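To start, the structure itself, in C-alpha cells.
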Amino acid sequence: MSAQALTAIGERPEQLLFDELNTLLSKYLDAPHLDQIFQAYQYGAEHHNGQFRKTGEPYICHPLAVAISLAKMRMDVHGIMAAILHDLIEDTDVSKENILELFGEDVAELVDGVTKLTQLNCKTKAEAQAENVRKMCLAMAKDMRVIIVKLGDRLHNMKTLGVMRPEKKRRIAKETIDIYTPIANRLGMNNIRHQLESLCFEAMYPMRYRILDSAVKKARGNRKEIIENITNSLKTRLHQEHVSCDIQGREKYLYSIYKKMLTKKLSFSDIFDVYAFRIQCADVDTCYRV
C-alpha cells in the first residue's frame, strides 16, 4: 500500500514504522531507554517535517527503517537514537551542538560520524571512492556503531532505488558493492552483506538478474523440501555417530551463483551446488569428526 493510501485511511506510514520499531526494542530495552528513543523520534519527525523522499514517503520513514534494521541486530539505545537522527545535520538546520545539548555526547558523536561519511566533496570519482574508504576506516577505528548505522542507511537506500534513473542506480550500486559490502563482510554482518549484494546485482545488471533468478526458480524444484531432506539426512548420519550439532540449510544467493559463473566461466547448467549447509559444533574436535 502506498504512503498516500495509508495517509488517506488514517494510518501514517511513519507511525506504523515507529510501532514496528517499538515492538522490536521492547524485547531488549527498558522503559527509560524506550522513552529516550521516542524523544529522538519526535525530534527527528519535527525537523524532517515537510520533507519527502522520491518514493513519496515522509522523510522520517527512512531513518525509522534504518533504526528497524539495527533493532533486529539489538543495537544499543544510543545507536538506535543515532539511526533516527542520522540525517538531521546534513538535511536540516539542526547542528551537532543541538544534538549534543538534547541527547548527549555519545549520540552527537555518532550522528556527526555518519554525517562525515556521507559528505564527500571530491573532484573525481576515483578520489571520492578513495576518500570514502579512508573515512570508513577512520570511523571503524573510532566507533564501530558509526559504520553499522551507515550500513543500515545504505541498505535502505538500496531497497528504494526503484524511483531513480538507471545510470544513478548503477553508480550507487557500484559504490555499494565496492565499498560497503566488503566492510559488512569484514564485520561478519553476513545478512546485510547478502542483501546488499543481491540489490546491487539487480541494479547493475537487471537483465542478468532476471534471467538467473528465473533459471534458479525453474531448476530448484521444491526448495523447502530439498533443504529439509538433506538436513534430515545429515542429522540421521551424525546421530548414528553420536555427534550433536546444529545444521542450517539455505539456497545460495543469486550474486554468489553469478560470481561463480563468472570466475569459473560456467553456464548455469554447470552449477550444481545451489544449496549451502552450515554445521555448527560445540568444539574443534567435534568439527573434525563431522
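Bear in mind these aren't lab numbers, they're just calculated from the coordinates by the rules spelled out. Note that this is a predicted model, so its numbers are computed, not measured. Don't worry about glycine lacking a Cβ; one is built from the backbone with ideal geometry, like all the others, and counts go over all protein chains shown.
For PHE52, the residues whose modelled amide H falls within less than 5 Å of its own, excluding neighbours fewer than 5 places apart on the same chain, are TYR59. May I ask for the Rg/Rh ratio of region 211-289, computed from Cα atoms with Rh as the Kirkwood radius, given to two decimals? The Rg/Rh ratio comes out at 1.07. Based on Cα contacts under 8 Å between residues 6+ apart, the chain shows a relative contact order of 11 percent. With N the number of residues in the chain, Rg(Cα) / (2.2 N^0.38 Å) evaluates to 1.15. Straight-distance candidates among the lysines for linking to LYS252, with alpha-carbon spacing under 24 Å and chain neighbours fewer than 8 residues away dropped: LYS72, LYS159, LYS174, LYS217, LYS218, LYS224, LYS235, LYS260, LYS264, LYS265. In sequence order, region 38-55 has phi-based couplings of 5, 5, 5, 4, 4, 5, x, 5, 4, 7, 8, 4, x, 9, 9, 7, 5, 6 Hz under the Karplus curve 6.51 cos²θ - 1.76 cosθ + 1.60, θ = phi - 60°, and Gly or Pro positions carry x.
Here the residues ILE230, ILE80, ILE192, ranked from fewest to most Cβ neighbours within 10 Å of their Cβ, fall in the order ILE230, ILE192, ILE80. Residues CYS281, CYS287 in ascending order of nearby Cβ atoms (within 10 Å, fewest first): CYS287, CYS281. To the nearest ten degrees, helix 190-204 and the longest principal axis of the Cα atoms of the chain are 80 degrees apart.
Near the amide H of TYR275, within less than 5 Å, lie the amide hydrogens of LYS252, all on another chain or at least 5 residues away, with H placed in the peptide plane.
Taking the Cα centre of region 211-289 as origin and assigning +1 to Lys and Arg Cβ atoms and -1 to Asp and Glu Cβ atoms, the resulting dipole is close to 440 debye. Angle of helix 206-220 to the longest C-alpha principal axis of the chain, folded into 0 to 90 degrees and rounded to 10: 40°. For the chain, the longest principal axis of the C-alpha atoms and the axis of helix 125-142 are separated by about 90°.
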